[in-house]
1. Skipping prolines and chain starts, which residues have an amide H placed within reach, meaning under 5 Å, of the one on THR206, given they are 5 or more residues away or on another chain?
2. Taking the inverse of the average 1/r across all pairs of different Cα atoms in the stretch 48-126, what Kirkwood radius in Å do you get?
3. Report the extension gain between ALA151 and ASP179 in nm, rounded to one decimal, defined as 0.36 nm multiplied by the number of residues separating them, less their alpha carbon distance.
4. In nm, to one decimal, how far is the modelled label at LEU3 from the one at GLU28, with both set 7 Å along Cα→Cβ?
5. Could you rank ASP219, ASP49 by how accessible they are, 1.4 Å probe, largest area first?
6. Quick one: ranking SER94, SER21 by accessible area, 1.4 Å probe, largest first, what do you get?
7. For an R0 of 30 angstrom, estimate the FRET efficiency from the Cβ-Cβ distance between ALA13 and HIS44 and round to the nearest 0.05.
8. Starting at the first residue of the stretch 90-99, write each ³J(HN,Hα) from the Karplus equation 6.51 cos²θ - 1.76 cosθ + 1.60 with θ = phi - 60°, in whole Hz, x for Gly and Pro.
Amino acid sequence: HILSNRTAAQQIAEMRAESYSMGPHLGEAAIAELQHCARTLPLHFNEADVGTYEALSQSLERRGNLAIATIRNSASLPMVRALAGDRILYEAASLFLGYRPTEVSSWFFWSLANHLSDDERRAASQTIDYHYDINGFNFLYVNFYLLDTDAMNGAHALIAGSSRRKRLRHLLGSARLSDAEARETYGPAAERVIEGPAGSGFLEDTSCYHKALAPVSADRLMLQFRYQ
């Protein structure tokens, strides 16, 4: 279900330098199955049921109060399990970690376009500010867009190379960084907005500064794996 025209070694070398690497993408059957699951299966926010995506789409009031909705029990879906254990991803993760992963976590979720303010999105734990992750000593993320995604519907953004280049005050202080300070520190050219068609994927060392753009024109659907 996962296709790539690049070797794992090529991708990991690029990721070590740039903090991310474009490459793996999903086949059409996987995209179609995951889209169907995301639209028809129960969703939740903070463990509270919020109905299905199809039901939310019929109620502007209900979806207008949600920043994120997660597909419930998505880790048990056969397609998600198959992708999580895919040889291409395991090879890349093993090269980056230095050992075969002992744990794989998955998240499958919608980011909803509505009129929520930035503060409301932050209150819902939507990561619309630059930050870096501290998920233990060693980890690798793999992300897949399940719909065509650009800057207007919630694309992922990051600061290239920032996983290995941080000022001391950024290591000792908050893991967050304002847009202005990120651009001042690393230069505007280091900022990347990752856009792509449905099925496109990228590897990421999330110890780099990264964030999700708030969706404006349409919803974003993403599948994310973390290998440790």
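The values are calculated or read from the model by the stated rules, or taken from the named source; none is laboratory data. Worth saying up front: this structure is predicted, and the values here are computed from it rather than measured. Cβ coordinates were reconstructed from backbone atoms using ideal geometry, including for glycine residues, and neighbour counts include every protein chain displayed. Quick note on the areas: whole protein, heavy atoms, side chains included, nothing else; ligands and nucleic acids left out. Shrake-Rupley method; radii C 1.70, N 1.55, O 1.52, S 1.80 Å.
1. For THR206, the qualifying residues are TYR141.
2. That comes to 15.0 Å for the stretch 48-126.
3. 8.6 nm
4. Going from the LEU3 label point to the GLU28 one covers 0.9 nm.
5. Descending order: ASP49, ASP219.
6. Accessible-area ranking of SER94, SER21, largest first: SER94, SER21.
7. Calculated value: 0.20.
8. My calculation for the stretch 90-99 gives 5, 5, 5, 5, 5, 5, 6, 6, x, 6 Hz in order.
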